[in-house]
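The values are calculated or read from the model by the stated rules, or taken from the named source; none is laboratory data. All values derive from a computational prediction rather than experimental measurement. FYI the Cβ positions are ideal-geometry reconstructions off the backbone, even for glycines, and counts take in every protein chain you see.
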Amino acid sequence: MDLLDWYRGGLSSRRLAVLVKHMPRDSAVCREQDGEAAEWSVTDYLLAALVDHMAAANWMFASVHSDEDSDPPEQPVPVPRPGDRERQEQAQQAQPEEAGIPDPAELGRFFS
């Protein structure tokens, strides 16, 4: 398919939009729009969830069966998923307002 057909009038704008919308997940357009999430399939998300649940179960088993005098085992770190960084940044920015934690300016006004 030649995209110049759209410019020449041989390809309608609607058909071009349909073609772009239904590109395969591994296409450059999808990778540009979705980032690394385009590379993850449903199977990949399910496998990551399975690994996280197995790590949590193993951690719980080790926590229950460890000696009382020894240090507790460290909690498992979840498998990083596409978009985790952005969600964490948004949560950190929104956390003080949602949790009711005052910012430094409000603390200064309160104590002065």
Fill in the blank from the handout: Scanning segment 44-80 for residues that are touching a helix residue (DSSP H, G or I) at 6+ places or on another chain (Cβ under 9 Å) and of a type outside the set (Asp, Glu) gives Pro72, Pro73, Gln75, Pro76, Val77, Pro78, Val79, Pro80
Handout entry: Residue within segment 3-16 that is in the same structural domain as Pro78 (by TED's automatic domain parsing), part of a helix (DSSP H, G or I), of a type outside the set (Lys, Arg) and surrounded by fewer than 11 Cβ atoms within 10 Å (Cβ to Cβ) present
Key = no
Fill in the blank from the handout: Within segment 17-37, restricting to residues that are among the charged types (D, E, K, R) and in a helix (DSSP H, G or I), the one that is nearest to Asp84 (Cα to Cα) is Glu36
Practice task
Need at least 1 residues that are farther than 30 Å from Ser27 by Cα and at pLDDT 90 or above per element, so show me which helices (runs of 4 or more DSSP H) inside segment 38-112 make the cut, counting only ones lying wholly within it.
Solution key: 42-64
Problem - Condition broken by Glu39, with the remaining ones in (1) more than 30 Å from Met1 (Cα to Cα); (2) in contact (Cβ under 8 Å) with a residue 40 or more places away in the chain satisfied - result: (1)
